[in-house]
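Please read through the structure below; I'll follow up with questions.
The values are calculated or read from the model by the stated rules, or taken from the named source; none is laboratory data. In this text, all values refer to a predicted model and were calculated from it rather than measured experimentally. Cβ sites come from the backbone with ideal geometry, for glycine too, and all protein chains shown count toward neighbours.
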Amino acid sequence: MPEKRTVPRKKIDMYMRVINDDTSEILGHMVEVSKTGLRLETVGPLPLEKDFYLRIELTADLGPMPFIIFIARTKWCKMDAIQPNLFQVGFEIIEMVEEDRQAFLRIIQKYTG
């Protein structure tokens, strides 16, 4: 399948849990990130083209807020090639308030190589 991404993702160097803000369930953890999306590693598949309110808890070095919340849509989901009990899920960020976007950009700046 040809690459559709216009903004390259970068691997994230810190373990960051991503939580479904509606249910407080841990969806997975971020393994790659870009200004427009992210890839999660999850323990189960997620439905495609579904919007989720995602929450990422922040460390003090990322700002005064304890977490950010934003809407992201699942774009693809596939079983991990090495660990078949895990899934890789791509999300496109749909909506994020400016203050949370600035904290998200700090995550990218601080924790990607």
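Considering only residues of the stretch 24-52 that are assigned to a loop (DSSP other than H, G, I, E, B) and among the β-branched types (Val, Ile, Thr), which is farthest from residue 71 (Cα to Cα)?
If we take residues in the stretch 24-52 being assigned to a loop (DSSP other than H, G, I, E, B) and among the β-branched types (Val, Ile, Thr), then 43 is farthest from residue 71 (Cα to Cα).
Return only the number of the condition from (1) touching a residue at least 60 places away in the same chain (Cβ under 8 Å); (2) at positive phi that residue 49 does not satisfy.
Only one criterion in (1) touching a residue at least 60 places away in the same chain (Cβ under 8 Å); (2) at positive phi is unmet by residue 49, namely (1).
Still on this structure: Only one of 27, 46, 62, 38 is in contact with a helix residue (DSSP H, G or I) (Cβ under 7 Å, 6 or more places away or on another chain), among the hydrophobic types (A, V, I, L, M, F, W, C) and buried (at least 17 other Cβ atoms within 10 Å of the Cβ). Can you tell me which?
62
A follow-up question, please. Taking the stretch 49-58 on its own, how many of its residues are out of contact with any helix residue (DSSP H, G or I) (no Cβ under 9 Å at 6 or more places or on another chain) and either surrounded by 14 or more Cβ atoms within 10 Å (Cβ to Cβ) or more than 14 Å from residue 92 (Cβ to Cβ) (or both)?
The total comes to 5.
Please indicate, with yes or no, whether at least one residue in the stretch 80-93 is outside any strand (DSSP E or B), under 13 Å from the mean Cα position of the chain (by Cα), modelled with pLDDT of 95 or more and surrounded by 12 or more Cβ atoms within 10 Å (Cβ to Cβ).
Looking for residues that are outside any strand (DSSP E or B), under 13 Å from the mean Cα position of the chain (by Cα), modelled with pLDDT of 95 or more and surrounded by 12 or more Cβ atoms within 10 Å (Cβ to Cβ), one finds none in the stretch 80-93, hence no.
Which one of the conditions (1) closer than 20 Å to residue 101 by Cα; (2) surrounded by 15 or more Cβ atoms within 10 Å (Cβ to Cβ) does residue 8 fail to meet, given that it meets all the rest?
Among (1) closer than 20 Å to residue 101 by Cα; (2) surrounded by 15 or more Cβ atoms within 10 Å (Cβ to Cβ), residue 8 violates only (2).
When you scan the stretch 59-79, how many residues do you find that are in a loop (DSSP other than H, G, I, E, B) and small (Gly, Ala, Ser)?
1
Right, residue 105: aliphatic (A, V, I, L, M) and not in a helix (DSSP H, G or I) or not?
no
Contact list please: Cβ distance under 8 Å, first residue in the stretch 8-21 and part of a loop (DSSP other than H, G, I, E, B), second residue modelled with pLDDT under 90 and of a type in the set (Gly, Ala, Ser), pairs at least six apart or on different chains.
13/113
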